[in-house]
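Student: Here's a structure for you.
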Amino acid sequence: MLKVCDLEKKLQNHLVLHQLNMDIEDRCIYGLIGENGAGKSTLLRVLAGVYECDHGCVMIDDQDLHKYPEKKAEILLIQDEPFYFHHATLSDMKHFYQIAHPDLDEAYYHKLITVFELDDRQPLYKFSKGMKRQAFLILGLCIAPRYLLLDEAFDGLDPHMRMMFKKEISERIEEKKMSVIISSHNLKEMEELCDCFGILENGKLLTSGSVSDKLHEVHRFQLAFAKPMDKEDFSELKLLSLQITASIVNLVAEGEEAEIKAFLKEKQPIMMEMLPVSLEEIFVFKMLNKTEVSQ
Amino acid sequence: MAYEKAYGKWYWKHNQRMLATYLMIAATLIIVPQLMFPYDPQSSSIPLALSAYVVFALNLLMALLVPLYQFRFLFNKRSVDLYYPLPMKKTTMYWLNYGLGAILVCVPNMIFFINLLWEQASHAYIPYYLLMMAGLVLFGLSLYALVTFFVMKCNSLWDACFAAAAVPISQLLIVSAVNGLLRNAVTELVNNGGSAYEFFSLSYFEGAQPVMAGFQWISASLNAFFHISQSGGNFLTLWLQESTLNAWMLIYYLLLLIGFSDWACKTYVKRKGEDSEQQTTSKFIFPLFISLITGSLLAYNITDIAYLCFTIVLFFLMNALAERKLVIKTKMIAVLAIYGISLLGIHKVLIDTNGFGRIHEFYETDEILAVRSEYHDYTDSEESEMSSIIMYVFQKDPKLIEMMVKSHHESVTNNVKHNGEQALGELIIDYELKNGKHAYRYLYFYPEDAKLIKEFKDYIKEQNYAEDDVFIR
């Protein structure tokens, strides 16, 4: 298990990560969600051992990553813009990654470069942005470390490629028992791909947990009443969003579905409909961090 | 250990082409001087002498470039993302890169050794060459350690390039500045002639920086070889006689090498991944080098206005490089003012105290071992009383020395009186002092000096010095 305890990180005197605690189970896909500047890339760099913690620690199996650098071999970070040496080919970069990850699966590597039609003898600077992403994702999948950290790794890939990589990742997790931590702005994709997620805001973990549990915890209702309603009428609910237009009410609330339904029924709506909530909406509501009321 | 081995293996594979090119260039540069100026056993030359200088020049060049090459990954955020997650301790990573870099610095010396075995004429000198090369390796690696330390303090490649260039430049400037400061005082206190070296022991000071020490070391070694080939003798004794360096200096360089290598390691370990591409704020880079360079340039000649203006412009340009924008701050002006006042103060103290009692125009006769003088008559007249007397070789005759000192005193009085006007010619005096130094004086002579010069000439004629030693018209 990868455990982050009371992590604090300052960059140029600006507190980027603040008292961050999180647990990442083995064999899961963890989605790291957050606005620009929330601290996602910094967190991934700390997890990869690029940045050291100013306070707190990152533990792998109860061993501090920064005290046991050999543990870094269990982690691989693929950045949104991965670095490659001057005139280096994909094959050259593979050799570099093999320093820390000698068990790179050569057969799988050759299979993937054939499937994705990449020439590993061609200099990487000649590759398009999407091809570079593919190239480094392939390295990540072939290495299959215990923890693969992907920083907005799917950005720049076309939908077909995204789909293919998602499929490869899922298969690789099954096969190699690795965990993937992905940061992305594409929440729809994260919802499809991830088992768990964490929302970062201003360096703090706003909420985290299993995607399916969270989707079951949050409910959206559309209601029509015979008389105009007021926000006070719904104050007993743990609201994430509330929009009132005279007698029409749209609300998103957190809690047990049955309890919310029972509460709303007491208000005697003319019409009550339960609508699905997406992870993207949860993110937006959490980010807004307030109940929107419009009357 | 497996990761370290894998890194070394990867480094070798990754840099093969670069290493081959470097080897080729180094080998060519070391061998070409031998082809251009082949060793002639009939002449007084020493085999591979020129190549030794090339080797050290390459050592110096590599000492400046290799730290930038080896640690260039620190100056790019994305490459830091690649290197820092390597599962190695930071100290291990540092020593791996540093060690591989040290080998690169020493490659020219290795080529030299191979060449040494191949060049038959040099075989008699092998143990001496080995000792000479050991010294050069030490100086080269000391500079490498120094540059590596300063490079570790930088956050961007440009700043690191500035630091790498500033290390040897500032060292040379400091030596020149101290020399200039003392020379200016000597010029003011001694009428004509005299140098800082005459009154102060600057050789240790100069030898305290690797660039000059290395060249002194080669020159001393080759001179010692030459003496041995001509008249035999103990090599080490001859070497140390020739060289201004001694065993203490070698220990100093060894300590410099060990100290800065270790300090650079500690700096590397303290570096944070996020420092990359940030402004370099270490006091060891811009504040230190700007101070050293500006201070040295001002000290060299603070009284020359054009030179002063150039130094001030350079000072602000270096600050602009540090700040990444051209700014003139009160603090900068205050620093310049402090420099100006301090250096003028030091200059005044040197003048008022006669260089702490060390600078003087004349020597007592018992301080002088031998004397050489030249009179050059501007009038070039056959009838002239001061017709040319040129004494080529030093004479140890006490009477002659006494006459020369007397003539010198007289000449200085007349030089002060006439201030260069209506001079009949010039007098060059070269005293060989008992402390092993030379004192040169350049003076004009006037009609009042005629009597003394005539006495001098007559005395020389009486002595019947060897014909090759004296020329009198």
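The values are calculated or read from the model by the stated rules, or taken from the named source; none is laboratory data. Since this is a predicted model, take the numbers as computed values, not measurements. Neighbour counts are summed over all protein chains in view; Cβ atoms, including those assigned to glycine, are modelled from backbone coordinates with ideal geometry.
Student: Just name the residue that is farthest from residue B:371 (Cα to Cα) out of those in region B:398-451 that are in a strand (DSSP E or B) and β-branched (Val, Ile, Thr).
Tutor: B:428
Student: A follow-up question, please. Within region B:304-326, track down each residue that is within 20 Å of residue B:163 (Cβ to Cβ), part of a loop (DSSP other than H, G, I, E, B) and free of Cβ contacts under 8 Å to residues at least 24 places away in the same chain.
Tutor: Hit for region B:304-326 is B:325, nothing else.
Student: Could I ask something else about it? Please identify the pairs in which a residue from region A:130-152 that is under 21 Å from residue A:190 (Cβ atoms) has its Cβ atom under 6 Å from the Cβ atom of a residue that is among the hydroxyl-bearing types (Ser, Thr, Tyr), counting only partners at least 6 apart or on another chain.
Tutor: So the pair list comes out as A:147/A:179; A:151/A:41; A:151/A:183; A:152/A:183; A:152/A:184.
Student: If you scan region B:78-97, which residues turn out to be within 8 Å of another protein chain (Cβ to nearest Cβ), closer than 13 Å to residue B:271 by Cβ and among the hydrophobic types (A, V, I, L, M, F, W, C)?
Tutor: Result: B:80, single match.
Student: Working only within region B:452-473, note down all residues that are at pLDDT 75 or above and not in a loop (DSSP other than H, G, I, E, B).
Tutor: B:452, B:453, B:454, B:455, B:456, B:457, B:458, B:459, B:460, B:461, B:462, B:463
Student: Turning to a different aspect of this structure: Determine the pairs where a residue that is closer than 11 Å to residue B:191 by Cα, located within region B:434-447, has a partner that is exposed (fewer than 15 other Cβ atoms within 10 Å of the Cβ) with Cβ atoms under 8 Å apart, the partner being 6 or more residues away or on another chain.
Tutor: Within 8 Å, the pairs are B:444/B:420.
Student: Another one. Based on this model, can you work out whether residue A:95 counts as more than 9 Å from chain B (Cβ to nearest Cβ), surrounded by fewer than 21 Cβ atoms within 10 Å (Cβ to Cβ) and either free of Cβ contacts under 8 Å to residues at least 60 places away in the same chain or more than 25 Å from the chain's Cα centre (by Cα) (or both)?
Tutor: The answer is no for residue A:95.
Student: When you go through (1) closer than 23 Å to residue A:179 by Cβ; (2) within 11 Å of chain B (Cβ to nearest Cβ); (3) not in a strand (DSSP E or B) one by one for residue A:9, which number turns out not to apply?
Tutor: Of (1) closer than 23 Å to residue A:179 by Cβ; (2) within 11 Å of chain B (Cβ to nearest Cβ); (3) not in a strand (DSSP E or B), only one is false for residue A:9: (3).
Student: Hey, another quick one. Within region B:14-42, take every residue that is surrounded by 11 or more Cβ atoms within 10 Å (Cβ to Cβ) and closer than 26 Å to residue B:86 by Cβ and give me the one that is nearest to the other protein chains (Cβ to nearest Cβ).
Tutor: B:14
Student: OK, next. Given (1) at pLDDT 95 or above; (2) surrounded by fewer than 22 Cβ atoms within 10 Å (Cβ to Cβ), identify the lone condition not met by residue B:66.
Tutor: Residue B:66 satisfies all of (1) at pLDDT 95 or above; (2) surrounded by fewer than 22 Cβ atoms within 10 Å (Cβ to Cβ) except (2).
Student: Hey, another quick one. Output the residues belonging to region A:108-125 that are part of a helix (DSSP H, G or I) and either surrounded by fewer than 18 Cβ atoms within 10 Å (Cβ to Cβ) or away from chain B (no Cβ under 14 Å) (or both).
Tutor: Hits for region A:108-125 are A:108, A:109, A:110, A:111, A:112, A:113, A:114, A:115, A:125.
Student: Considering only residues that are under 24 Å from residue A:227 (Cβ atoms) and touching a strand residue (DSSP E or B) at 6+ places or on another chain (Cβ under 6 Å), look in region A:265-278 and name the one that is surrounded by the most Cβ atoms within 10 Å (Cβ to Cβ).
Tutor: Of everything passing the filter in region A:265-278, A:269 is surrounded by the most Cβ atoms within 10 Å (Cβ to Cβ).
Conditions (1) modelled with pLDDT of 90 or more; (2) surrounded by 18 or more Cβ atoms within 10 Å (Cβ to Cβ); (3) closer than 20 Å to residue A:148 by Cβ; (4) within 10 Å of chain B (Cβ to nearest Cβ), marked per residue:
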residue	(1), (2), (3), (4)
A:83	yes, yes, yes, yes
A:89	yes, yes, no, no
A:106	yes, no, yes, no
A:129	no, no, no, no
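Student: Kindly provide the set of residues from region B:258-286 that are away from chain A (no Cβ under 13 Å), under 15 Å from residue B:150 (Cβ atoms) and part of a helix (DSSP H, G or I), ordered by number.
Tutor: B:259, B:260, B:261, B:262, B:263, B:264, B:265, B:266, B:267, B:268, B:286 - these are the residues of region B:258-286 that are away from chain A (no Cβ under 13 Å), under 15 Å from residue B:150 (Cβ atoms) and part of a helix (DSSP H, G or I).
Student: Next question. Among the residues of region A:157-166, how many are assigned to a helix (DSSP H, G or I) and either among the hydrophobic types (A, V, I, L, M, F, W, C) or within 17 Å of the chain's Cα centre (by Cα) (or both)?
Tutor: Residues flagged as assigned to a helix (DSSP H, G or I) and either among the hydrophobic types (A, V, I, L, M, F, W, C) or within 17 Å of the chain's Cα centre (by Cα) (or both) within region A:157-166 amount to 6.
Student: Out of all the residues in region B:2-51, which are small (Gly, Ala, Ser) and in contact (Cβ under 8 Å) with a residue 40 or more places away in the chain?
Tutor: Across region B:2-51, the qualifying residues are B:8, B:26, B:27, B:44, B:49, B:51.
Student: I would also like to ask the following. Can you confirm whether region A:18-36 contains a residue that is touching a residue at least 40 places away in the same chain (Cβ under 8 Å), within 14 Å of chain B (Cβ to nearest Cβ) and within 19 Å of residue A:79 (Cα to Cα)?
Tutor: No, there is no match, as no residue in region A:18-36 is touching a residue at least 40 places away in the same chain (Cβ under 8 Å), within 14 Å of chain B (Cβ to nearest Cβ) and within 19 Å of residue A:79 (Cα to Cα).
Student: Kindly indicate which of A:173, A:143, A:169 is within 15 Å of the chain's Cα centre (by Cα) and of a type in the set (Val, Ile, Thr).
Tutor: Answer to the check: A:169.
Student: Can you tell me which residue within region B:33-58, out of those that are closer than 22 Å to residue B:210 by Cα and small (Gly, Ala, Ser), is modelled with the lowest pLDDT?
Tutor: B:49
Student: So residue A:225 fits all but one of (1) surrounded by fewer than 17 Cβ atoms within 10 Å (Cβ to Cβ); (2) out of contact with any helix residue (DSSP H, G or I) (no Cβ under 8 Å at 6 or more places or on another chain); (3) farther than 28 Å from residue A:1 by Cβ; what number is the exception?
Tutor: (1)
Student: Does residue B:73 satisfy the condition of being away from chain A (no Cβ under 14 Å), of a type in the set (Phe, Trp, Tyr) and out of contact with any Cys (no Cβ under 8 Å at 6 or more places or on another chain)?
Tutor: no
Student: Of all residues in region B:330-358, which are modelled with pLDDT of 90 or more and in a loop (DSSP other than H, G, I, E, B)?
Tutor: Of everything in region B:330-358, just one residue is modelled with pLDDT of 90 or more and in a loop (DSSP other than H, G, I, E, B), namely B:353.
One line per residue, one yes/no per condition, for (1) among the hydroxyl-bearing types (Ser, Thr, Tyr); (2) assigned to a loop (DSSP other than H, G, I, E, B); (3) closer than 30 Å to residue A:21 by Cβ; (4) within 15 Å of the chain's Cα centre (by Cα):
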| position | (1), (2), (3), (4) |
| --- | --- |
| A:200 | no, no, yes, yes |
| A:206 | no, no, yes, yes |
| A:222 | no, no, no, no |
| A:226 | no, yes, no, no |
| A:264 | no, no, no, no |
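Student: Further, regarding this structure: Would you confirm, using the coordinates I've provided, whether residue B:259 is of a type outside the set (Val, Ile, Thr), surrounded by 15 or more Cβ atoms within 10 Å (Cβ to Cβ), out of contact with any strand residue (DSSP E or B) (no Cβ under 9 Å at 6 or more places or on another chain) and over 30 Å from residue B:121 (Cβ atoms)?
Tutor: no
Student: Got a sec? Which of A:92, A:103 is part of a helix (DSSP H, G or I), of a type in the set (D, E, K, R) and closer than 24 Å to residue B:11 by Cα?
Tutor: Exactly one of A:92, A:103 is part of a helix (DSSP H, G or I), of a type in the set (D, E, K, R) and closer than 24 Å to residue B:11 by Cα, namely A:92.
Student: Any idea which residue in region A:44-81 is surrounded by the fewest Cβ atoms within 10 Å (Cβ to Cβ), counting only those that are facing another protein chain (nearest Cβ under 9 Å) and in contact (Cβ under 8 Å) with a residue 60 or more places away in the chain?
Tutor: Going through the qualifying residues, I end up with A:74.
Student: Could you grab me the full set of residues in region B:187-218 that are out of contact with any helix residue (DSSP H, G or I) (no Cβ under 7 Å at 6 or more places or on another chain) and hydroxyl-bearing (Ser, Thr, Tyr)?
Tutor: Within region B:187-218, B:187, B:197, B:201, B:203, B:204 qualify.
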